[in-house]
1. From the list B:Leu73, B:Leu85, exactly one residue is at pLDDT 95 or above and under 19 Å from B:Leu20 (Cα atoms). Which is it?
2. I'm told B:Leu140 meets every condition in (1) over 22 Å from B:Leu213 (Cβ atoms); (2) out of contact with any Ser or Thr (no Cβ under 7 Å at 6 or more places or on another chain) except one. Can you identify the failing condition by its number?
3. Name the residue, out of A:Val9, A:Val52, A:Val14, A:Val25, that is among the hydrophobic types (A, V, I, L, M, F, W, C) and outside any strand (DSSP E or B).
4. Can you tell which of B:Val179, B:Val199 is at pLDDT 90 or above, in contact with a helix residue (DSSP H, G or I) (Cβ under 8 Å, 6 or more places away or on another chain) and in a helix (DSSP H, G or I)?
5. Under 6 Å between Cβ atoms, at least 6 apart or on separate chains: pull out the pairs that start in region B:284-295 with a residue that is away from chain A (no Cβ under 11 Å) and at positive phi and end on any residue that is assigned to a helix (DSSP H, G or I) and at pLDDT 70 or above.
6. Read through the list (1) more than 23 Å from B:Pro130 (Cα to Cα); (2) touching a helix residue (DSSP H, G or I) at 6+ places or on another chain (Cβ under 6 Å); (3) modelled with pLDDT of 90 or more, then give the number of the only condition that B:Val34 fails.
7. Given the structure, is B:Ser252 crowded, with 20+ Cβ neighbours inside 10 Å, polar (S, T, N, Q) and farther than 20 Å from B:Arg148 by Cβ?
8. Take the residues in region A:55-90 that are of a type in the set (A, V, I, L, M) and within 14 Å of chain B (Cβ to nearest Cβ); name whichever of them is nearest to A:Gly133 (Cα to Cα).
Amino acid sequence: MTEQPLLDVRDLRVLIGGRHILHGVDLDVSAHGVTALLGRNGAGKTTAVRGVLGLVPRAGSVRFDGEETAGLPTHALVRRGIGYAPEDRGIFAGLTVAENLRLAERRGAGEPAYGLVHELFPELKQRAKQLAGTLSGGQQQMVAIGRTLLNANRLIIADEPTKGLAPKVVTEVAQVLERAAEAVPVLLVEQNLAVVRRLAGHCVVLADGRTAHRGPAAELLGDAEAARTLLGVGHGPLPAHPSVKADS
Amino acid sequence: MSTLVLLTMTGLGLGALYFLVASGLSLIFGLMDVLNFAHGALLSIGAYGTWWAASGNLPGAGPGGAGFVLAVLFGTAVGTAAAVLLELAVVRPLYTRPREQVLATVGVGLAVPALLSGIWGSDAHPFPGPEALSGTFGLLGAQVPVNRVVLVGAAVVVLVALRLFLGRTRHGLVVRAGVEDRAMVTALGIDVRRAFTLVFAIGGCAAALGGALGGLYFGSVDPRQGTSLLIFAFVVVVTGGMGSVTGAAVASVVIGLVQQLANYYTAAGLGDLAVVVLLAVLLLIRPRGLTGRLA
């Protein structure tokens, strides 16, 4: 990655309950396209994202668009233009779909892009008055991603957006992220390598709370041995491009 | 029959008083995970503020008519300001240290009655109120004190106002979301600390109003009133479901009635025990309280 990264994380360390979860993560997110954050289960991917956003106590440097943000509270960093779809989707079960979206409207960030959200996810308009807690997993993911698209964000962070979804929905989510990435850079935490292969230009691999690899995603996924070593995928062939199916 | 009517109206009045304290307590706990043991002190501040103003110390205020309304507004405003100060100066600096936070609110809850005792003495003071509110009216053969109806009316107004605030405003939306997942609200770019201060102000306002009107119910103010009501307010919060205003309203009515009826039909003092037994049974059957849902 030769261009100036949009998000530049250096030596990110996280200590939770007296236990070191991250020991010094370096992470660049390109100003264009999708950067994938990969690693085996427990490698520290979600903690790294939460550390970047300040949702867990952390140390190290987090530069967003050239500005050091490590000292900022989460809401102040997010208001600089970050949309976040967390691993558990972060849906407010007791609020309706419309209220979940309305909550994400950011004042001073222009008109919320309901047209785009409803074009990509027509179901959200039809189910506007439904309690979000009664939606299916796929529909909840639509709300989570819809919230990131509502504002004119400069970066979208999606943490395992395809986790636990049916293959058809995985494809839909991948298509939406692909379209979103045409306009806004995306940091994608993902276990589904078919999705990574389809979307990601660059990738960062974490192992045991440290950065183990950085480089073009295609290069890593093209090297079956490296992918197996770093990502712990099975001994079968890696998922083929460009089809997107459920977890590999 | 007339006894039952009188007990019911008294129970409803007491329930209304519990609701005014418990509604804010419930929202504060639901949104902020703060066990505010100083909440009873806010009620006492409201009561003493109203008593002080209605006793002729505040120009324009007095024991009757518009003067009494001004005294209630004054007491409520002082209680609200105290709640905001409590959040900013005591609770906020200790968000990351919940144990110390609890101890600090307990300390404030003890210090305020001591302060009130130090200034105005530990004995109860007769509460000056309008004559119209000190009388009774006939209902199904019973002579019911007017102040019971005033308390119930105030509680209904507060319940409706809270429901409108939570359901129709953006701040209310933030509070309802924050009760579910505070971190996610922050991750949407919302400064949840503002909601904390707002909820403390609302809770303090309702408790102080409870203190102001509680003076009518009890006929006097004393420094320990808030502390003794706080215990039952906590029972209401747990019974109604943490963070649920509607649940707090239902639980307040149930607990006020059970307490009054048990005290009269069994032995004095057994009403308090009945409330605790009711709470224990409910927690075994429905651990999330009566409503089992938020707001």
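The values are calculated or read from the model by the stated rules, or taken from the named source; none is laboratory data. A quick note: this is a predicted structure, and the numbers were derived from the prediction, not measured. For neighbour counting, all protein chains shown are included, and Cβ atoms are generated from backbone atoms with ideal geometry for every residue, glycine included.
1. That would be B:Leu73, the only listed residue that is at pLDDT 95 or above and under 19 Å from B:Leu20 (Cα atoms).
2. The failed condition is (2).
3. Criteria check complete, one pass: A:Val52.
4. B:Val199
5. Close Cβ pairs satisfying both conditions: B:Gly289/B:Thr239; B:Gly289/B:Gly240; B:Gly289/B:Gly247.
6. (3)
7. No, not satisfied.
8. By that ranking, first place goes to A:Ala85.
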